[in-house]
C-alpha cells in the first residue's frame, strides 16, 4: 500500500512540475510588453544619460533614426533584440539585408515602465526614400522561483519565456 501511495504522490508532483514549466514557457500571442516608436532623425548622435537617456547603437554615426523604446508591461521584466529590418517598396513589407554590419535595438532586464531613446543608423544599402521598420524578438525574463533558482545556481537554468515577434513603427522621410 505504501508503495502505491508514494508512486501516486510522485506522479502528482511530476504533473504539477510539468504544468508549472509549461505555463512559464508558453508563447503569448497578440500582446507585447514592448513599445518601439520612431520619433525622428538626428545627425551624429551622442550617448547621454540626462535629461533623457540616449543609447547610440554600435556603429551609428551620421544620419540616424531615433526610436523611443519602452517596457509598457506592468509587472514583467523583459529582454528584446532586433531580429531583422523590413523595408516597404510600395508593394508591402519584406525582409531587407543590410550590405554590411548593422545593429538595431536590444536590451535585457528592462523593468516595467523603463524607457529610453535609441539612435539607430540608417540600414546600409537601403535608399533614403524607402520606408523601413525594425522586427524584434521580445520575451519575459524569469521571475519569482525561476529567477531565484537562476541566481542561486549562477547560471540560466530557466530562460526567457512568452517569446514573440513584433515590429516598430515605420521610419520614413
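The values are calculated or read from the model by the stated rules, or taken from the named source; none is laboratory data. Everything quoted here is computed from the prediction, not taken from an experiment. Ideal geometry is used to build each Cβ from the backbone, glycine not excepted, and the neighbour counts take in all protein chains shown.
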Identify all residues within the range 57-71 that are surrounded by fewer than 18 Cβ atoms within 10 Å (Cβ to Cβ) and either farther than 28 Å from residue 140 by Cβ or at pLDDT below 95 (or both); write none if there are none.
58, 59, 61, 62, 63
Over 15 Å from residue 57 (Cα atoms), modelled with pLDDT of 90 or more and surrounded by 12 or more Cβ atoms within 10 Å (Cβ to Cβ): is that true of residue 85 in this structure?
no
Specify the residue that is farthest from residue 172 (Cα to Cα); the eligible residues are those in the range 123-133 that are in contact (Cβ under 8 Å) with a residue 40 or more places away in the chain and over 20 Å from the mean Cα position of the chain (by Cα).
126
When the range 88-97 is examined, which residues are found to be farther than 12 Å from residue 126 by Cβ and surrounded by 15 or more Cβ atoms within 10 Å (Cβ to Cβ)?
93
All positions within the range 98-113 that are surrounded by fewer than 16 Cβ atoms within 10 Å (Cβ to Cβ) and either free of Cβ contacts under 8 Å to residues at least 12 places away in the same chain or closer than 28 Å to residue 144 by Cα (or both)
108, 109, 111, 112, 113
